[in-house]
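Q: Encoded as structure tokens, here's the structure I'll be asking about.
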Amino acid sequence: MTNPSNAPAAADNAELLAEAAAETGRAPRSGWRMLLPTMTPWLAVGLILVGGITLFGLIGPLLVGDPTEIRDQGLTAPTGDFILGTTQTGQDVMAQLAYATRGSLQIGFIVGVLATVLSAFFGIYGAYRGRVVDEAFSLFTNVCLVIPGLPLVIVISGFVPRESRGLWTIALVLAITSWAGSARVLRAQTLSVRNRDYVAASQVSGERPWRVIVVEILPNLLPVIASQFVFAVISALLGEAGLSFIGLGASNSSTLGTMLFYAQNGFALPLGAWWWFVPPGLVIALFGMGLALINFSIDEIINPKLKNTRLHRKRARRALRLERELARTGRKVPRQAAPSDEETVR
Amino acid sequence: MTSVKITDLVKDYTLRSGLKRTRLRAVDHVSLELTPGRTVALVGESGSGKSTIAKILTRMERPTSGTVEVRLDDGTPVPNGHYRREVQMVFQDPFASLNPFHSIEHHIARPLKIHGRTQSQEDTRARVLEMLERVNLTPAEAIAPRRPHELSGGQRQRVAIARALAPGAQVLIADEPVSMLDVSIRLGVLNLLGRLQREDQLAVLYITHDLATARHFSDEIVVLYRGRVVERGPSDAVILDPHHDYTKLLALAAPDPERPGRVTSEAAVDRKAIDNSTCYDHFAGEWREAAAGAKAAVSAD
């Protein structure tokens with residue numbers, strides 16, 4: 001150890017030591033933490049909405065009565081007995097809503113997983129292999145992309161006889177028509193990550209191709225995949241609601257779409273039975289909104305510029321608040337601190 | 001100890017524009033020899049084929065023709081499965097060559113595991129720390145769990161060197177290992193490479209466009225121009241007594257405190273007149289035809 005390289009290294013080391021000493025209480029750092037979005041009010045609202053509705057879908061069916069039980073109190077407005085009133089045939093809307101939420105979430109989740117797996121396979125594997133495989137996969141992706149989704153879904157659902165049109169059939173059909181867009185996004189991202197030096201370095205180290213994909217490339221795509229998954233769930237939920245509403249949904253499960261379908265057939269709107277169609281519509285809207293809010297937070301990880309804009313705005317607000325407070329207490333605003341910060345942001 | 005012999009290496013790339021196809025010859029009949037304990041510097045401008053040679057040596061590209069022979073001390077060729085254990089590479093950009101997602105420990109532990117250099121979890125950990133200490137990254141326990149963005153450029157390049165040496169590599173290809181670093185850090189990293197080379201008797205191929213560090217760091221210099229070797233010889237001879245016009249141009253490009261005023265190198269040597277079909281060989285002390293001359297030079301060694 002007689003070479004001059006010791007001088008800068010020693011300086012580095014001293015710095016490191018001090019830092020290490022300062023943070024001994026810190027939890028071991030991992031790559032995963034970097035992937036978690038920062039907590040913002042919007043993210044909190046999104047998580048609460050999605051968490052609440054998911055809990056309702058999971059636990060609700062255990063607490064309510066039989067949703068298909070027919071009573072002679074048709075179309076009663078919300079009362080103490082029936083929190084959300086009854087349908088035309090006297091079925092409890094609350095019970096129906098709980099089961100329907102569960103059904104919708106089931107389909108949304110299944111489709112989300114299937115579409116993500118399909119898009120990850122075609123997008124990432126194709127882009128990593130390159131050449132013929134990439135050409136073939138992206139041709140296939142592009143063909144699937146231009147297939148008009150909903151009409152195809154309607155045609156397929158129409159062809160499959162009603163008895164065999166179960167939850168999985170609908171989920172499969174929705175997944176097949178919705179993966180292509182994500183696959184293209186993932187392909188573009190993979191093409192960019194694949195050419196980075198660390199991928200080449202791991203290949204030179206002798207890593208097997210599947211390990212390069214799964215261990216070196218995939219973690220860097222996780223935020224994109226997460227965002228695509230959330231998006232796939234939203235579109236599946238809406239697609240399923242649309243299908244069920246026109247009577248082509250799954251026959252063996254009740255979803256929010258089938259609720260709307262029966263409400264429409266039972267003339268809920270002309271009869272003014274708002275308690276019949278508003279709750280399912282609201283659950284769809286709020287769940288979609290919650291997922292979208294979560295998605296915005298994930299976007300910040302993919303595109304740090306968005307985060308900077310938010311932080312800038314926050315800083316500007318803080319400056320403004322400080323300025324007002326100083327004005328109220330009658331003191332002079334310090335010349336450079338608050339106002340100049342605000343100016344640069346604007 | 002391992003030596004590498006590159007004979008008559010050619011690499012063509014096919015360029016496609018519309019229906020027209022043209023061929024770009026990136027490396028044109030290059031021959032080189034890397035021997036244990038010696039450093040060969042490959043000098044040339046961007047696009048002269050330096051990095052293509054590195055890619056072929058690390059088996060990221062296949063040569064169009066020509067051979068790369070890697071032999072152990074006793075003359076037996078290295079089997080395909082062990083190639084990557086013997087030949088490793090340090091990349092140019094330390095900010096890009098480490099995966100931001102993984103810890104430093106992961107980067108060094110992987111090659112150890114892939115090449116079966118460790119038996120157990122504790123053994124791996126001990127060896128990772130040992131590698132970090134070898135490249136002057138201490139305290140190793142504090143560095144190992146960090147992720148690349150927490151280290152400086154020089155520290156990252158040390159990690160990259162540790163990763164390259166982890167499998168027990170005897171041949172090291174350093175593709176401009178210091179060009180992305182601060183001037184103040186460069187000497188440290190180069191001296192580290194020099195020390196490791198002496199300790200392990202590594203055969204090093206040092207790729208650079210900087211003649212000054214090439215002279216400081218290497219025993220032999222090979223000058224590449226448009227894929228061909230235009231001058232080769234002991235490093236002092238090539239730098240102090242350049243024969244080929246292109247080498248003169250490179251030498252002029254390096255700032256020289258002795259030379260007053262500014263020299264615009266393009267004016268001093270007419271670039272259009274540079275002829276890359278001939279090669280000056282300092283070992284033989286004569287001009288040769290570049291493609292054929294390279295071959296003769298190797299057989300003469």
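Q: Within segment A:123-148, count every residue that is surrounded by 14 or more Cβ atoms within 10 Å (Cβ to Cβ) and of a type in the set (Lys, Arg).
A: The total comes to 1.
Q: Also, I was wondering about something else. Consider A:Ser253 against the criteria (1) more than 14 Å from every other protein chain (Cβ to nearest Cβ); (2) hydroxyl-bearing (Ser, Thr, Tyr); (3) surrounded by 21 or more Cβ atoms within 10 Å (Cβ to Cβ): it satisfies all of them except one. Which criterion is unmet?
A: With (1) more than 14 Å from every other protein chain (Cβ to nearest Cβ); (2) hydroxyl-bearing (Ser, Thr, Tyr); (3) surrounded by 21 or more Cβ atoms within 10 Å (Cβ to Cβ) applied to A:Ser253, the lone miss is (3).
Q: Tell me which residues, restricted to segment B:125-166, are basic (Lys, Arg) and over 24 Å from B:Gln92 (Cβ atoms).
A: Across segment B:125-166, the qualifying residues are B:Arg125, B:Arg127.
Q: I want to confirm something. Restricting to segment B:133-171 and keeping residues that are assigned to a loop (DSSP other than H, G, I, E, B) and in contact with a strand residue (DSSP E or B) (Cβ under 7 Å, 6 or more places away or on another chain), which single residue is nearest to the other protein chains (Cβ to nearest Cβ)?
A: So, considering only residues that are assigned to a loop (DSSP other than H, G, I, E, B) and in contact with a strand residue (DSSP E or B) (Cβ under 7 Å, 6 or more places away or on another chain), the one nearest to the other protein chains (Cβ to nearest Cβ) is B:Pro167.
Q: Taking B:Thr247 as the residue in question, decide whether it is surrounded by 24 or more Cβ atoms within 10 Å (Cβ to Cβ) and either part of a helix (DSSP H, G or I) or aromatic (Phe, Trp, Tyr) (or both).
A: Criteria met by B:Thr247.
Q: For segment B:65-100, enumerate the residues that are buried (at least 16 other Cβ atoms within 10 Å of the Cβ), part of a strand (DSSP E or B) and more than 8 Å from chain A (Cβ to nearest Cβ).
A: B:Gly66, B:Val68, B:Val70, B:Val87, B:Val90, listed by residue number.
Q: What about B:Arg146, is it without any contact (Cβ under 8 Å) to a residue 60 or more places away in the chain and out of contact with any Cys (no Cβ under 8 Å at 6 or more places or on another chain)?
A: Values: without any contact (Cβ under 8 Å) to a residue 60 or more places away in the chain: yes; out of contact with any Cys (no Cβ under 8 Å at 6 or more places or on another chain): yes.
Taking the combined requirement at face value, the residue satisfies it.
For (1) more than 14 Å from every other protein chain (Cβ to nearest Cβ); (2) in a helix (DSSP H, G or I); (3) surrounded by 18 or more Cβ atoms within 10 Å (Cβ to Cβ), each residue gets a yes or a no:
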| position | (1), (2), (3) |
| --- | --- |
| A:Ser182 | yes, yes, yes |
| A:Arg187 | yes, yes, yes |
| A:Ser192 | no, yes, no |
| A:Ser202 | no, yes, yes |
| A:Trp210 | no, yes, no |
| A:Ile213 | no, yes, yes |
| A:Ile217 | no, yes, yes |
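Q: Got at least one residue in segment A:274-294 being outside any helix (DSSP H, G or I) and on the phi < 0 side of the Ramachandran plot?
A: So far as segment A:274-294 goes, no, none of its residues is outside any helix (DSSP H, G or I) and on the phi < 0 side of the Ramachandran plot.
Q: Being farther than 25 Å from A:Ser202 by Cβ and buried (at least 16 other Cβ atoms within 10 Å of the Cβ) is the filter here, so list the residues in segment B:33-44 that pass it.
A: If the condition is that a residue be farther than 25 Å from A:Ser202 by Cβ and buried (at least 16 other Cβ atoms within 10 Å of the Cβ), then B:Glu33, B:Thr35, B:Pro36, B:Arg38, B:Thr39, B:Val40, B:Ala41, B:Val43, B:Gly44 are the ones that fit.
Q: A further question follows. Does A:Gly90 satisfy the criteria of being surrounded by fewer than 20 Cβ atoms within 10 Å (Cβ to Cβ) and outside any helix (DSSP H, G or I)?
A: On the way: surrounded by fewer than 20 Cβ atoms within 10 Å (Cβ to Cβ): yes; outside any helix (DSSP H, G or I): yes.
So A:Gly90 fits the description; yes.
Q: Also: Please state which one of B:Ser65, B:Ser51 is over 20 Å from the mean Cα position of the chain (by Cα) and hydroxyl-bearing (Ser, Thr, Tyr).
A: Numbers: B:Ser51 fails: over 20 Å from the mean Cα position of the chain (by Cα).
So the residue among B:Ser65, B:Ser51 that is over 20 Å from the mean Cα position of the chain (by Cα) and hydroxyl-bearing (Ser, Thr, Tyr) is B:Ser65.
Q: Continuing with this model, one more query. Please count how many residues of segment B:182-199 are more than 7 Å from chain A (Cβ to nearest Cβ) and more than 16 Å from the chain's Cα centre (by Cα).
A: 4
Q: Considering only residues that are small (Gly, Ala, Ser) and in contact with a Pro (Cβ under 9 Å, 6 or more places away or on another chain), look in segment A:68-126 and name the one that is modelled with the lowest pLDDT. So that I can check it myself, show each step before the final result.
A: Here is the first cut: in segment A:68-126, the ones small (Gly, Ala, Ser) are A:74, A:77, A:80, A:85, A:90, A:95, A:98, A:100, A:103-104, A:108, A:112, A:115, A:119-120, A:123, A:126.
Remaining after also requiring in contact with a Pro (Cβ under 9 Å, 6 or more places away or on another chain): A:85, A:95, A:98, A:100, A:104.
Values: A:Gly85: 73, A:Ala95: 81, A:Ala98: 85, A:Ala100: 85, A:Ser104: 86.
It comes out as A:Gly85.
Q: Could you list, in sequence order, the residues of segment A:43-64 that are at pLDDT below 85 and either of a type in the set (Phe, Trp, Tyr) or in contact with a Ser or Thr (Cβ under 7 Å, 6 or more places away or on another chain) (or both)?
A: Result: A:Gly57, A:Gly60.
Q: Related question: For segment B:1-19, which residues satisfy the criterion of being in a loop (DSSP other than H, G, I, E, B) and surrounded by 10 or more Cβ atoms within 10 Å (Cβ to Cβ)?
A: B:Met1
Q: Could you list, in sequence order, all residues of segment A:159-172 that are modelled with pLDDT of 75 or more, farther than 20 Å from A:Gly108 by Cα and either touching a His at 6+ places or on another chain (Cβ under 6 Å) or in a helix (DSSP H, G or I) (or both)?
A: Answer for segment A:159-172, where residues must be modelled with pLDDT of 75 or more, farther than 20 Å from A:Gly108 by Cα and either touching a His at 6+ places or on another chain (Cβ under 6 Å) or in a helix (DSSP H, G or I) (or both): just A:Phe159.
Q: Filter segment B:212-244 down to the residues that are of a type outside the set (Val, Ile, Thr) and assigned to a strand (DSSP E or B) and list them by number.
A: B:Glu220, B:Leu224, B:Tyr225, B:Arg228, B:Glu231, B:Arg232, B:Gly233, B:Pro234
Q: Determine whether segment B:54-61 contains at least one residue that is away from every other protein chain (no Cβ under 14 Å) and crowded, with 20+ Cβ neighbours inside 10 Å.
A: no
Q: Taking the stated definitions as given, is A:Ala100 surrounded by 15 or more Cβ atoms within 10 Å (Cβ to Cβ) and farther than 24 Å from A:Ala263 by Cβ?
A: no
Q: Also: Kindly provide the set of residues from segment B:109-132 that are of a type outside the set (Lys, Arg), within 10 Å of another protein chain (Cβ to nearest Cβ) and not in a loop (DSSP other than H, G, I, E, B), ordered by number.
A: Of everything in segment B:109-132, those that are of a type outside the set (Lys, Arg), within 10 Å of another protein chain (Cβ to nearest Cβ) and not in a loop (DSSP other than H, G, I, E, B) turn out to be B:Pro111, B:Leu112, B:Ile114.
Q: OK, next. In segment B:103-140, which residues are acidic (Asp, Glu) and more than 22 Å from A:Tyr198 (Cβ to Cβ)?
A: Of everything in segment B:103-140, those that are acidic (Asp, Glu) and more than 22 Å from A:Tyr198 (Cβ to Cβ) turn out to be B:Glu122, B:Asp123, B:Glu130, B:Glu133.
The values are calculated or read from the model by the stated rules, or taken from the named source; none is laboratory data. Predicted model only: the values in this text are computed from it and were never measured. A quick note on method: Cβ atoms are made from the backbone with ideal geometry, for glycine too, and the neighbour counts reach across all protein chains shown.
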